[in-house]
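In what follows, a structure is listed as structure tokens, so that the remarks can point back to it.
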Amino acid sequence: MNILLTNDDGINAEGIEVLAKALLKEGHKVTIAAPNVENSGKSHAITFKSPLMVQETKLEGLEDVKSLCVYGTPADCVRAAVHLLDEKFDFCFSGINSGFNAATNVLYSGTVSAAIEANLFNIPAIAVSSQWVKGHSKFDTGARVAMEVFNKLDDLKRLQVLNINVPYLDYEELKGIEVCKVGADVMSIYDISEEGEGYNMRLRGFPKDNNEKDSDIHFLGQGYATVSPLLYDVTNLTLINELSKMLK
């Protein structure tokens with residue numbers, strides 16, 4: 001397959017290199033389009049008030065892979081590849097992100113948003129993220145899980161976006177791969193300190209006591225890799241008819 005690979009950690013991040021090599025090993029053609037610097041937490045932002053700069057580059061260890069360095073957001077990277085390259089991409093991978101993109105973090109994640117952006121251009125996509133522990137992630141585990149899931153997909157035309165997360169474990173230590181819903185937990189624990197006349201707020205993590213037992217956050221804590229199918233239609237279809245009657 002012809003695969004577009006992107007991320008939000010930047011074009012020189014270890015996670016994108018590991019995933020690129022895993023895809024190449026499986027025999028796929030890979031094109032990389034990734035940000036020049038880290039863009040974590042940029043969600044689905046795009047550049048539109050200034051020109052978007054894009055440069056071809058050569059990546060160490062991936063010299064034969066066409067690579068675009070994009071001076072913009074993860075969503076910009078997908079747009080750049082789609083509009084600049086004479087390519088029809090069969091699939092898009094985004095990642096491997098350093099750190100979970102689970103629960104409501106899917107709303108803030110540049111990794112997940114890049115996968116969704118690809119799907120807006122009719123390219124099915126998978127976002128892959130690996131738990132961050134003391135400056136490290138198990139990218140090899142993330143790549144193996146991503147390839148295992150990808151190779152089991154039968155009908156890619158029906159797929160929109162899958163969100164994969166893996167805990168900080170070697171592949172052999174995983175309890176399995178669990179298909180589950182995205183949790184409702186909000187990453188809302190801050191370390192707060194006074195700074196001059198104001199405050200410094202550093203986002204630290206999720207509350208520990210309210211994880212739903214059938215959610216991605218719960219299963220990740222139990223040692224499973226998780227797979228969650230995502231939709232991005234934000235229309236509340238349950239209320240649309242009722243609201244139409246109210247406003248007539």
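If you go through region 47-93 and keep only what is surrounded by fewer than 16 Cβ atoms within 10 Å (Cβ to Cβ) and touching a helix residue (DSSP H, G or I) at 6+ places or on another chain (Cβ under 8 Å), you end up with Gly61, Glu87, Asp90. Pick from region 130-148 the residues that are in a strand (DSSP E or B) and over 14 Å from Ala102 (Cβ atoms): which of them is most open to solvent (accessible area, probe 1.4 Å)? Among residues in region 130-148 that are in a strand (DSSP E or B) and over 14 Å from Ala102 (Cβ atoms), the one most open to solvent (accessible area, probe 1.4 Å) is His136.
Yes or no, residue by residue, for (1) under 20 Å from the mean Cα position of the chain (by Cα); (2) among the polar types (S, T, N, Q); (3) closer than 15 Å to Ile126 by Cα:
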| site | (1), (2), (3) |
| --- | --- |
| Ile3 | yes, no, yes |
| Asn12 | yes, yes, no |
| Gly15 | yes, no, yes |
| Leu19 | yes, no, yes |
| Leu23 | yes, no, yes |
| Ser43 | yes, yes, no |
| Phe48 | no, no, no |
| Leu52 | no, no, no |
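Of all residues in region 94-118, those satisfying the criterion of being in a helix (DSSP H, G or I) and crowded, with 18+ Cβ neighbours inside 10 Å are Ala103, Asn105, Val106, Gly110, Thr111, Val112, Ser113, Ala114, Ala115, Ile116, Glu117, Ala118. Selection of strands (runs of 3 or more DSSP E) fully inside region 149-248 by the criterion of at least 3 residues being at pLDDT below 95 and surrounded by 11 or more Cβ atoms within 10 Å (Cβ to Cβ) returns 198-205.
The values are calculated or read from the model by the stated rules, or taken from the named source; none is laboratory data. The structure displayed is predicted, hence computed values, not measured ones. In this analysis, Cβ positions are derived from the backbone assuming ideal geometry, glycine residues included, and neighbour counts consider all displayed protein chains. Just the protein is used for accessible areas: all its heavy atoms, side chains included, with ligands, DNA and RNA removed. Shrake-Rupley method; radii C 1.70, N 1.55, O 1.52, S 1.80 Å.
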